[in-house]
1. Give just the number: which of (1) open to solvent by less than 60 Å² (accessible area, probe 1.4 Å); (2) closer than 24 Å to F47 by Cα does V172 not satisfy?
2. Considering only residues of the stretch 180-205 that are under 24 Å from G233 (Cβ atoms) and among the charged types (D, E, K, R), which is surrounded by the fewest Cβ atoms within 10 Å (Cβ to Cβ)?
3. When only residues in the stretch 103-147 that are among the basic types (K, R) and in contact (Cβ under 8 Å) with a residue 60 or more places away in the chain count, which is farthest from A19 (Cα to Cα)?
4. Tell me the strands (runs of 3 or more DSSP E) entirely within the stretch 148-236 that contain at least 1 residues that are under 26 Å from P23 (Cα atoms).
5. Look at D17 and say whether it is over 16 Å from the mean Cα position of the chain (by Cα) and surrounded by fewer than 17 Cβ atoms within 10 Å (Cβ to Cβ).
6. Could you list, in sequence order, all residues of the stretch 213-227 that are under 24 Å from the mean Cα position of the chain (by Cα) and exposed (fewer than 11 other Cβ atoms within 10 Å of the Cβ)?
Amino acid sequence: PAPEVVEAAAPVPALGDPATADPCSLIRPEPLDRFGKTTLEADSGNFDRCDVVIDSGQDRFTAQVQLDQAGTALPEGVPEERDGLVLVRGAPLPGECVRTMRLSDGNDVRVIARLVNGTPPDLCAVADVVTETALAVLVRGPVPRREAAFDPGSLAVVDACGLLDPAVVRTVAGLETAEPDPGFAGWYCDWELLNTTASVVVTYDRNRGISRNAGDRIQVAGREAASRADADGVGC
């Protein structure tokens with residue numbers, strides 16, 4: 001009898017180890033050249049993100065790939081099955097368009113096209129170009145790894161939840177019984193409870209630094225710092 005033919009299963013789109021997954025492997029400037037002059041920025045925002053900045057005359061906008069833990073529900077939008085994952089196309093918002101790809105191992109790849117200034121083209125068209133680039137990588141298997149390990153002195157190897165003393169957080173009104181909720185790869189942490197308006201958040205950001213918009217300059221334990229009220233006047 002003829003030997004039985006066994007078809008190999010297609011790779012299942014997955015993220016793998018969050019700390020070593022490379023978000024820049026999922027976005028490339030070249031497919032976005034149709035929209036303007038493109039620049040890859042691998043070190044904006046948190047460590048879970050990679051950006052392409054696009055300049056077109058007086059207009060500037062960004063395309064971002066961000067890795068994140070999946071929520072319990074799909075984000076709002078139109079879901080569809082694509083190559084072993086669920087793709088959700090969010091409705092366009094003023095100055096922003098989002099696509100979310102839910103992977104098999106409880107993680108999301110989020111594509112965000114966002115206006116910086118001026119008048120961009122269709123931001124959802126920008127987001128769709130990045131989404132197709134990311135899908136072409138994801139269907140080949142887990143997200144590629146970062147080329148090099150993080151420097152031992154980097155915040156990327158520091159657990160955000162470990163930076164605050166839980167006993168101190170519980171002195172905040174409304175957080176007396178709150179437990180830390182770690183975010184993606186330990187680069188984010190929040191403390192909050194249902195039915196309260198209080199929350200404490202620690203997150204990392206390589207982009208802003210101590211800029212003029214950061215607030216009043218202060219010193220914290222000998223380090224440069226800044227303090228300001230949120231735009232709503234409620235948070236700090």
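The values are calculated or read from the model by the stated rules, or taken from the named source; none is laboratory data. The structure presented is a predicted model; accordingly, all values stated were derived computationally and were not measured. Glycine also receives a Cβ, built like all others from the backbone with ideal geometry; neighbour counts cover every protein chain displayed. To get the accessible areas, we keep the full protein, side chains included, count just its heavy atoms, and leave off ligands, DNA and RNA. Shrake-Rupley method; radii C 1.70, N 1.55, O 1.52, S 1.80 Å.
1. Unmet for V172, out of (1) open to solvent by less than 60 Å² (accessible area, probe 1.4 Å); (2) closer than 24 Å to F47 by Cα: (2).
2. Among them, the one singled out is D205.
3. If we filter the stretch 103-147 for residues that are among the basic types (K, R), which is where we start, we get 110, 114, 140, 145-146.
Narrowing the set further to residues that are in contact (Cβ under 8 Å) with a residue 60 or more places away in the chain leaves 140, 145-146.
Values: R140: 20, R145: 9, R146: 9 Å.
It comes out as R140.
4. Hits in the stretch 148-236: 188-192, 199-203.
5. Against the criterion (over 16 Å from the mean Cα position of the chain (by Cα) and surrounded by fewer than 17 Cβ atoms within 10 Å (Cβ to Cβ)), D17 does not qualify.
6. Matches in the stretch 213-227: N213 only.
A quick yes/no check of all residues on (1) among the hydroxyl-bearing types (S, T, Y); (2) open to solvent by less than 60 Å² (accessible area, probe 1.4 Å):
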{"residue": "L26", "(1), (2)": "no, yes"}
{"residue": "L40", "(1), (2)": "no, no"}
{"residue": "D43", "(1), (2)": "no, no"}
{"residue": "S56", "(1), (2)": "yes, yes"}
{"residue": "L67", "(1), (2)": "no, yes"}
{"residue": "L74", "(1), (2)": "no, no"}
{"residue": "V78", "(1), (2)": "no, no"}
{"residue": "L103", "(1), (2)": "no, yes"}
